[in-house]
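Undergrad: Supplied in structure tokens, the structure appears directly below.
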Amino acid sequence: MYKLSEKIKLKYLIIGLITLAFFLSVASSLFSIYQRSIYLLEEQSLDKNRVYAQKLSQIVDLYLDETIQVLGYSASKIADKMEDEELLNEEVIRLQKQQGSFNSVIIADPNGLMLEGAPEKYALKGKRITSKEGLLQLENQKISISDPFRASTGKLLITVSYPIFSSDGQYKGAINGSVYIHESNFFEKVLGEHQYQDGTYVYVVDSKGRVIYHYDKSRLGLDVSENKVVQRIEKGESGAQFVINTFDEKMLAGFSPLEKTKWGVIVQTPRKAAINSVGKQVLTTFYFELPLLLISIIVVLALAAKITKPLQQIAVITENSVNESEMGNLNSLNAWYYESL
């Protein structure tokens with residue numbers, strides 16, 4: 001026999017199931033939006049960093065090219081006047097102060113003897129180039145940009161070298177501009193202002209995977225050759241990818257090699273910073289759709305009540321039929337009992 005409480009339970013059970021299905025559908029939709037938003041933000045960040053890395057690598061190449069041209073102008077100016085000490089002194093001082101990129105400038109003969117140098121505080125004049133990298137640049141007699149090496153002064157530096165040839169083609173030596181890695185403003189001119197509130201930053205690696213520019217100077221000289229992005233740069237590739245850096249941080253990195261040298265520019269954003277706004281976006285979507293959700297809930301509840309109404313009627317009819325049947329059986333039993341007496 002169906003009781004009223006059982007009919008009520010049936011009604012609310014059906015309404016509850018329909019409502020639960022509705023809310024699960026909404027939750028699934030919001031979760032899908034959340035996942036999709038994360039994917040889109042990651043892709044946008046990767047693409048942004050890829051494009052920006054390519055742009056910065058081009059800017060650094062142009063800056064290096066400009067620097068080489070400046071050295072070339074000085075080399076042509078002194079090529080036939082290597083004995084003019086006053087002219088040589090004027091040129092190294094002008095380059096070191098005017099260019100503003102070099103920590104020191106020297107003019108050396110083919111044997112590595114420094115004929116002149118600036119600034120004066122380093123007392124470079126009269127000394128010899130002893131580093132393997134510096135001597136190799138002189139020997140090659142070509143325009144070159146070295147990877148970082150430690151000079152006899154103990155400083156870690158990069159040298160941009162321009163050969164000096166006289167008008168009759170004789171090799172007279174080279175004019176070198178040196179960038180001291182831990183003291184330089186060479187890269188700051190191009191990259192120093194490219195730090196962002198979302199944690200995005202730029203760094204540069206040499207051909208061996210060592211950091212030669214980073215806003216955090218404590219990372220200068222750090223070997224990051226195991227980084228997958230750096231390994232791709234060493235192959236001459238450019239692009240973007242998810243990577244975990246040497247500090248076990250998840251990063252979204254864009255990267256691009258330079259044309260003038262085998263260095264690479266990397267622009268990367270912490271993943272947690274890139275997707276930080278996802279929760280806000282989902283909540284905004286939820287609040288925007290809340291009126292529609294409330295209307296939908298009311299409609300669902302109304303439909304559920306309408307659906308359960310026929311079931312209630314069937315239950316009542318069934319109960320009445322059962323009651324009538326029971327009463328009929330009871331009457332028959334009573335009649336039989338009295339007849340048997």
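The values are calculated or read from the model by the stated rules, or taken from the named source; none is laboratory data. Everything numeric here is computed off the predicted structure, so don't read it as measured data. We place every Cβ from the backbone using ideal geometry, glycine too, and count neighbours over all the protein chains shown. Accessible surface is based on the protein model in full, side chains and every heavy atom, while ligands, DNA and RNA are left aside. Shrake-Rupley method; radii C 1.70, N 1.55, O 1.52, S 1.80 Å.
Undergrad: Answer with one residue from Gln58, Leu24, Gln69: the one whose Cα lies farthest towards the positive end of the charge dipole of region 17-70, charges on Cβ with Lys, Arg +1 and Asp, Glu -1.
TA: My answer, from the dipole projection, is Leu24.
Undergrad: Same structure again: Residues of region 208-240 with amide nitrogen under 16 Å from the 7 Å Cα-to-Cβ point of Leu136?
TA: Correct set: 208-210.
Undergrad: Computed from the mean reciprocal separation of all distinct C-alpha pairs, what Kirkwood hydrodynamic radius does region 109-210 have, in Å?
TA: About 15.3 Å, per the Kirkwood formula over Cα pairs.
Undergrad: Loop-only trypsin sites (Lys or Arg not before Pro) in region 13-86, please: DSSP not H, G, I, E or B, and at most 10 other Cβ atoms within 10 Å.
TA: Taking region 13-86 and a limit of 10 other Cβ atoms within 10 Å, no loop trypsin sites (Lys or Arg not before Pro) are found.
Undergrad: Right, here's the next one. Quick one: grab the alpha carbon gyration tensor of region 191-270, order the square roots of its eigenvalues as a ≥ b ≥ c, and give me rounded if a/c is under 1.5, else prolate or oblate depending on whether a/b is larger than b/c.
TA: Rounded, because the longest to shortest axis ratio a/c is under 1.5.
Undergrad: Here's a follow-up. Leaving out ligands, DNA and RNA, what percent of the accessible area of region 37-148 is carbon and sulfur, probe 1.4 Å?
TA: 51 percent
Undergrad: Further, regarding this structure: About the Cα centre, and with charges only on the beta carbon of Lys, Arg (+1) and Asp, Glu (-1), how big is the dipole of region 50-153? Nearest 20 debye, please.
TA: Dipole magnitude for region 50-153 comes out near 520 debye.
Undergrad: Taking the Cα of Ser152, stepping 7 Å toward and past its beta carbon, and measuring to each backbone N in region 105-120: which are under 16 Å?
TA: Counting backbone N atoms under 16 Å from the label point, the list is 105-118.
Undergrad: Here is a follow-up. Please arrange Phe31, Phe149 by accessible surface area, largest first, computed with a 1.4 Å probe and ligands excluded.
TA: Result of the area sort, largest leading: Phe31, Phe149.
Undergrad: What figure in square angstrom, to the nearest 10, would you give for the accessible area of Phe242 with a 1.4 Å probe?
TA: Looks like 90 Å² after rounding.
Undergrad: With every protein chain left in place, what is the accessible area of Asp223 in Å² (1.4 Å probe, nearest 10)?
TA: 100 Å²
Undergrad: Right, next: Kindly provide the trypsin sites (Lys or Arg not before Pro) of region 222-280 that DSSP labels as loop, not H, G, I, E or B, and whose Cβ sees at most 11 other Cβ atoms within 10 Å.
TA: Answer in residue order: Lys235.
Undergrad: Could you tell me the calculated FRET efficiency between Ile59 and Phe31, based on Cβ-Cβ distance and R0 = 56 angstrom, to the nearest 0.05?
TA: The formula returns an efficiency of 0.85 here.
Undergrad: Could I ask something else about it? Determine which aspartates and glutamates satisfy two conditions relative to Lys228: a Cα distance under 19 Å, and not lying fewer than 8 residues away in the same chain.
TA: Lys228 reaches Glu42, Glu43, Asp47, Asp206, Glu237, Asp248, Glu249.
Undergrad: Let me ask something else about it. Sort Glu188, Glu259 by accessible area with a 1.4 Å probe, largest first.
TA: Glu259, Glu188
Undergrad: Calculate, for region 114-272, the solvent-accessible area per residue in square angstrom, rolling a 1.4 angstrom probe over the heavy atoms of the protein chains.
TA: 50 Å²
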